[in-house]
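Read-outs throughout are calculated quantities, based only on the coordinates presented, and are distinct from any laboratory measurement. Just so it is clear, the structure is predicted and the values come from calculations on it, not from any experiment. Cβ placement follows ideal geometry from the backbone for every residue including glycine, while neighbour counts extend to all protein chains displayed.
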Amino acid sequence: MLGKNRNESYADDEKTKIGTMIGEGTVFDGDLSSPEAVRIDGVINGNCTCEKKLILSAQGQVKGNITAQSVIISGKVDGDIVVSGKLELLATGKIAGNITAASIVIDEGACFDGRCTMTSSVGKQPESVPAETKEKADDNKE
């Protein structure tokens, strides 16, 4: 995206129907669950579960775990994130926690402190390579 600052506007905001918005200056204590997309400009002290997209603006903070279909992070997250689709961590974003996602994009300047696990299907543990397959691969190297 040449010439655009992705932190100021999101390319697909016009297409996303926001079902819940936590405004700037608002502090929500407790777990949040939504069947629609969620945009957070305030602070959430609890877990967030969203069946669609979760957008965390540069002013937004989540102190808890996030589960969603897709996530865009410009603010601060202190907790683990599980995403069945794509997670985008923009330049102003900060994550202190583990990420499990099908795909991930991290912009230059973003902060991430944790482990990242990429899966084709969230909920499945990453499959380990069977010993026989590993031995065959080692034999082929020789």
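Details
- When each of Lys52/Lys76; Lys17/Lys63; Lys17/Lys94; Lys63/Lys86; Lys63/Lys94 is checked by Cα-Cα distance, pairs over 18 Å: Lys52/Lys76; Lys17/Lys63; Lys17/Lys94; Lys63/Lys86
- Per-q log10 I(q)/I(0), the stretch 18-121, q = 0.23 Å⁻¹ (Debye; single scatterer per alpha-carbon; no solvent): -1.24
- Close amide H contacts of Val77 (hydrogens built in the peptide plane, cut-off under 5 Å, sequence separation of 5 or more or a different chain): Val62, Lys94, Ile95, Ala96.
- 3J(HN,Hα) from dihedral phi, the stretch 90-97, Karplus parametrisation 6.51/-1.76/1.60, rounded to Hz, x for glycine, proline: 7, 3, 8, x, 9, 10, 10, x
- Exposure proxy ranking, count of Cβ atoms within 10 Å, fewest first, for Ser74, Ser103, Ser120, Ser57: Ser120, Ser103, Ser57, Ser74
- Neighbour counting of Cβ atoms within 10 Å sorts the residues Asp113, Asp31, Asp41, fewest neighbours leading, into Asp113, Asp31, Asp41.
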